[in-house]
Amino acid sequence: MTTEPSATDGDVEMAGKPVRPPLEIELLTLFPAMLQDPLAESIPGRVQARGLAQIRIHDMRHWGLGRHKSVDDYTYGGGAGMVLRPEPVAAALDELRRPDSTVILLDPGGEVFGQARAHDLAARTHLILICPRYEGADERIRSLVDVELSIGDYVLSGGEIPALVVVDTILRLLPGAIDAGSTAEESFAAGLLEYPQYTRPPVFRDLAVPAVLTSGHHEAVRKWRLKESLRRTWRRRPELLEDRPMSREEARLLAEVSHEESVAAADAAEAEAVQAAEQADVDRP
Ligand SMILES: C[S@@+](CC[C@H](N)C(=O)[O-])C[C@H]1O[C@@H](n2cnc3c(N)ncnc32)[C@H](O)[C@@H]1O
């Protein structure tokens with residue numbers, strides 16, 4: 001792999017203040033249509049319209065070999081499927097790569113993409129994403145890239161959907177892309193899952209919105225959200241809490257959550273035992 005450029009390479013100065021140039025993203029694919037519409041809509045579309053990012057989609061066949069613009073071939077040693085050849089990728093990178101580029105290969109065996117990597121990539125200036133298909137990429141392509149990313153432990157048919165996942169996650173982190181409050185409080189931003197959110201109606205099928213949220217008491221709402229964020233993380237993704245530094249307030253709220261959860265578990269076990277005993281009475285001849 002080549003070395004990764006610094007996240008601040010390419011910053012320019014304006015009136016003494018560093019101004020971010022748009023994040024430039026090149027996508028190398030055999031199926032450009034798979035990428036066009038999703039990147040033209042909603043937040044990705046708005047981010048580009050506002051000049052925060054420039055996205056270019058390239059058909060890899062442009063660098064294909066021979067009359068048929070071939071980009072893949074059979075696998076040496078035998079086996080099903082076609083493998084992406086290194087020459088078209090190398091030719092594309094020769095044309096597109098700059099000193100500030102970060103070249104990313106989408107691959108199920110890569111680093112599992114997460115919010116920390118998304119923040120890191122959002123701070124860079126030029127990303128090139130390679131989207132293989134079929135059986136994947138010739139091993140030597142790995143020597144041409146800076147980062148290999150997987151979006152999870154499952155196999156998709158090609159790198160386009162993983163690339164969309166990566167690019168969409170990055171775009172919404174660009175300063176000015178969306179309300180800063182939204183990205184600051186959502187899941188993983190502070191290493192926790194997000195707290196429960198509610199909208200109207202106040203009661204839906206006997207399920208009421210927690211009273212604190214309609215109290216107008218901002219500090220109580222803040223504490224409730226932090227506590228419920230800790231509770232949800234503790235219940236669903238306890239490993240996220242393992243190495244996460246905690247403020248004193250968080251540690252206190254987490255201790256409360258842990259106590260409440262064990263009381264609730266004991267109550268539930270007792271209720272189950274009572275129910276089982278009652279059922280045994282009913283069943284007794
Ligand atoms: C059918 S897959 C190839 C799988 C490959 N033979 C393997 O077993 O690892 C074709 C391409 O889809 C992309 N892909 C599939 N699953 C992925 C994942 N979980 N994360 C990132 N890219 C993925 C990669 O670009 C991959 O080269």
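Couple of notes before you dig in:
- Qualifying strands (runs of 3 or more DSSP E) (wholly inside region 98-214; at least 3 residues being surrounded by fewer than 16 Cβ atoms within 10 Å (Cβ to Cβ)): 101-112
- Residue in region 219-227 that is part of a strand (DSSP E or B) and over 30 Å from the mean Cα position of the chain (by Cα) present: no
- The test for being within 11 Å of the ligand (Cβ to nearest atom) and touching a Phe, Trp or Tyr at 6+ places or on another chain (Cβ under 6 Å) holds for residue 149.
- Residue list for region 93-110, restricted to those being touching a Ser or Thr at 6+ places or on another chain (Cβ under 7 Å) and more than 16 Å from the ligand (Cβ to nearest atom): 100
- Looking only at residues in region 79-114 that are at pLDDT below 95 and over 17 Å from residue 30 (Cα atoms), the one that is nearest to the chain's Cα centre (by Cα) is 80.
- Among the residues of region 115-141, those that are under 17 Å from residue 82 (Cα atoms) and within 11 Å of the ligand (Cβ to nearest atom) comprise 130, 131, 132, 133, 134, 135, 136, 137, 138, 141.
- Unmet criterion (only one of (1) surrounded by 15 or more Cβ atoms within 10 Å (Cβ to Cβ); (2) part of a strand (DSSP E or B); (3) within 23 Å of the chain's Cα centre (by Cα)) for residue 56: (1)
- Looking only at region 60-81, residues that are in a loop (DSSP other than H, G, I, E, B) and exposed (fewer than 13 other Cβ atoms within 10 Å of the Cβ) come to 9 in all.
The values are calculated or read from the model by the stated rules, or taken from the named source; none is laboratory data. Owing to the predicted nature of the structure, the values given are computational and were not obtained by experimental measurement. Cβ: placed from backbone, ideal geometry, glycine included. Neighbour counts: every protein chain shown.
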